[in-house]
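Participant: Dropping the structure in here first, questions after.
The values are calculated or read from the model by the stated rules, or taken from the named source; none is laboratory data. All values derive from a computational prediction rather than experimental measurement. All Cβ positions, glycine included, derive from the backbone under ideal geometry; neighbour counts span all protein chains shown.
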């Protein structure tokens with residue numbers, strides 16, 4: 001049975017459908033030597049050859065893949081890109097390596113934003129989680145500098161006009177602070193570029209710290225250091241899949257529970273060691289500055 005090329009590649013872990021569609025439009029993908037176009041359909045078999053940038057890529061039938069999801073604590077200073085021409089650190093640098101598949105980021109956080117970032121091997125899952133129609137709620141802890149009054153809060157809840165359309169926070173809750181520096185928790189259901197910062201700037205308030213603390217019902221794991229990752233168990237993975245209308249998984253790549261605790265502890269220690277070896281400028285800001293919730 002044939003399926004759309006971008007769906008096959010996404011299910012094989014070569015990017016989200018949006019990313020792959022952009023590759024197709026740019027002429028970077030070929031099927032059996034012919035440049036692919038949007039709308040092409042293929043049937044996965046042993047003889048077909050799909051290339052991205054001239055390199056043959058592995059294709060897998062959906063039933064052969066096991067959906068994996070990582071929760072990563074992105075530090076400030078890392079870019080949400082696979083490679084940076086200037087050699088700056090990226091969010092992919094410390095993720096576990098895989099053969100025949102790759103990690104796909106669920107959305108992006110800008111370079112100066114830290115917090116929860118999800119990665120998955122299932123490009124279709126990533127695409128659905130990011131799509132505005134799913135209205136997956138994101139929550140951020142934000143430290144702002146400026147005068148915040150009730151009128152501005154009402155305006156941010158009701159909506160303000162940005163250059164790419166109206167936007168609003170679903171909820172805003174005061175978390176503490178002194179003087180002109182105050183912490184708020186805000187939620188929204190879109191992933192527009194720098195949307196949280198631009199909303200506050202629209203009411204003449206500057207964001208001095210921004211941390212994503214929740215995606216859907218999944219919070220930033222307690223005890224996870226900046227630059228550390230942990231793989232989600234089957235229940236958490238299926239929560240994400242069922243939320244966006246995908247069938248549940250029946251398998252997990254996680255080790256058995258006894259070994260899993262040892263693996264997680266070792267993984268966290270490695271992440272801390274690697275993070276501590278980075279220049280101090282990339283390790284700015286301490287998690288203790290985050291308000292208690």
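Participant: What residue, among those in segment 150-189 that are in a strand (DSSP E or B) and on the phi > 0 side of the Ramachandran plot, is surrounded by the most Cβ atoms within 10 Å (Cβ to Cβ)?
Facilitator: It comes out as 177.
Participant: Is it fair to say residue 232 is in contact (Cβ under 8 Å) with a residue 12 or more places away in the chain, buried (at least 17 other Cβ atoms within 10 Å of the Cβ), over 18 Å from residue 114 (Cα atoms) and touching a strand residue (DSSP E or B) at 6+ places or on another chain (Cβ under 7 Å)?
Facilitator: Judged against the criteria, residue 232 is a match.
Participant: Given the residues 199, 188, which is the only one that is under 19 Å from the mean Cα position of the chain (by Cα) and touching a residue at least 24 places away in the same chain (Cβ under 8 Å)? Lay out the reasoning, then the answer.
Facilitator: Details: 199 fails: under 19 Å from the mean Cα position of the chain (by Cα).
Answer to the selection: 188.
Participant: Which condition number in (1) modelled with pLDDT of 95 or more; (2) surrounded by fewer than 18 Cβ atoms within 10 Å (Cβ to Cβ); (3) not in a strand (DSSP E or B) is the one that residue 147 fails?
Facilitator: Of the numbered conditions (1) modelled with pLDDT of 95 or more; (2) surrounded by fewer than 18 Cβ atoms within 10 Å (Cβ to Cβ); (3) not in a strand (DSSP E or B), the odd one out for residue 147 is (1).
Participant: Scan segment 137-166 residue by residue and report those that are out of contact with any helix residue (DSSP H, G or I) (no Cβ under 6 Å at 6 or more places or on another chain) and within 25 Å of residue 239 (Cβ to Cβ).
Facilitator: Listed by number, the residues that qualify are 137, 138, 139, 141.
Participant: Right, another one. Just a yes or no: is a residue in segment 116-133 on the phi > 0 side of the Ramachandran plot and outside any helix (DSSP H, G or I)? Show your work before the answer.
Facilitator: Initial filter on segment 116-133 (on the phi > 0 side of the Ramachandran plot): none.
No: segment 116-133 contains no residue that is on the phi > 0 side of the Ramachandran plot and outside any helix (DSSP H, G or I).
Participant: Being touching a helix residue (DSSP H, G or I) at 6+ places or on another chain (Cβ under 9 Å) and at pLDDT below 95 is the filter here, so list the residues in segment 54-76 that pass it.
Facilitator: Within segment 54-76, 57, 59, 60, 61, 62, 65, 67, 68 qualify.
Participant: Could I ask something else about it? So for segment 217-225 (the condition being free of Cβ contacts under 8 Å to residues at least 60 places away in the same chain, over 21 Å from the mean Cα position of the chain (by Cα) and not in a helix (DSSP H, G or I)), does at least one residue qualify?
Facilitator: no
Participant: If you go through segment 39-49 one residue at a time, do you hit one that is in contact (Cβ under 8 Å) with a residue 60 or more places away in the chain, in contact with a strand residue (DSSP E or B) (Cβ under 6 Å, 6 or more places away or on another chain) and closer than 21 Å to residue 125 by Cα?
Facilitator: The answer is no; no qualifying residue exists.
Participant: Can residue 155 be described as outside the structural domain of residue 93 (by TED's automatic domain parsing) and farther than 27 Å from residue 118 by Cα?
Facilitator: yes
Participant: Moving on to the next point. Would you confirm whether or not segment 82-93 contains a residue that is closer than 25 Å to residue 217 by Cβ, at pLDDT 95 or above and under 13 Å from the mean Cα position of the chain (by Cα)?
Facilitator: Scanning segment 82-93 turns up at least one residue that is closer than 25 Å to residue 217 by Cβ, at pLDDT 95 or above and under 13 Å from the mean Cα position of the chain (by Cα).
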